[in-house]
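Below is one structure, written out as structure tokens; comments come after it.
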Amino acid sequence: MLFAKRPSPETKQHVIILTVFFAASAALGYYAATSHPDEASKFLGALLKDIQECVSSFDKMSLFLFIFGTNTAKAFLAMLFGTFFGIASVLFVIFNGFVLGLVGALITFSEGLRFFTLGVAPHGVFEIPGAIIASAYGIMLGRAFFQKLRRSEPFIPALLIALHRFGAVVLPLLVIAAFIEVFVTSTLLHGASS
């Protein structure tokens, strides 16, 4: 069946492997921030400067649409460009894990672990799996593309599965994550700081 309700064993393996990569890169990012806090702060500042300037005037609904649209576009491109042997999908997960580690270390040092947890965990439990699942299907596309080149096996069925699973699984996770990040996290952080 083309649109099976359950992911294949290979895709489950990809999810597990990418989760390990994400955790390892987050730990590396944390270590980098603790070892070189000034450089880490400058790197994050440069990374987030344009985004902060862009969203500073947004109301909450505009911010929700911006976050959801940005996260969706990044996850979709990571999946689609995974067609080229899965490289983009893996790098996407590693980069995001590394940045989370940097942010985690810097915020924990300045605001405390509770503040960081309240700021990331509620939406992160949806956003991170969404990114990892999208990337796992990117690796699946990479394998299918390789098999097409090597054995002339059809690529379109794999692409249709990936697109279907992105719409059925990844998009709902990213919608929930963006909603929590905009409408819930700010309330939690305000309560933590008061």
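The values are calculated or read from the model by the stated rules, or taken from the named source; none is laboratory data. Here the structure is a predicted model, which means the values were calculated and not measured. Glycine gets a Cβ as well: all are built from the backbone with ideal geometry, and neighbour counts include every protein chain shown. When the accessible area is computed, the model is the full protein with side chains, heavy atoms only, and any ligands, DNA or RNA have been set aside. Shrake-Rupley method; radii C 1.70, N 1.55, O 1.52, S 1.80 Å.
Structural remarks
- The chain - mean residue ellipticity at 222 nm from DSSP helices (-39,500 (n - 2.57) per run, n ≥ 4, rounded to 500): -29000 deg cm²/dmol
- For K60, the lysines whose Cα comes closer than 27 Å to its Cα, not counting residues fewer than 8 places off in the same chain, are K49, K74.
- The calculated Kirkwood hydrodynamic radius for region 98-194 is 15.5 Å, given to one decimal from all distinct C-alpha pairs.
- Our summary gives the chain a relative contact order of 31 percent, counting only alpha carbon pairs under 8 angstrom and 6 or more residues apart.
- Reported label for calculated Rg and Dmax of the Cα atoms in Å given (i) 18.0, 62; (ii) 16.9, 51; (iii) 15.8, 46: (i)
- Between S41 and L160, the FRET efficiency from the beta-carbon distance, with R0 = 30 Å, is close to 0.10.
- Between 0 and 90 degrees, the angle of helix 9-35 with respect to the longest Cα principal axis of the chain falls at about 30 degrees.
- Per residue, in Å², the accessible surface of region 43-116 once ligands and nucleic acids are set aside, probe 1.4 Å: 58 Å²
- Remark: region 10-99 is approximated by an ellipsoid whose semi-axes, taken from the C-alpha gyration tensor as √(5λ), come to 25, 21, 11 Å, largest first.
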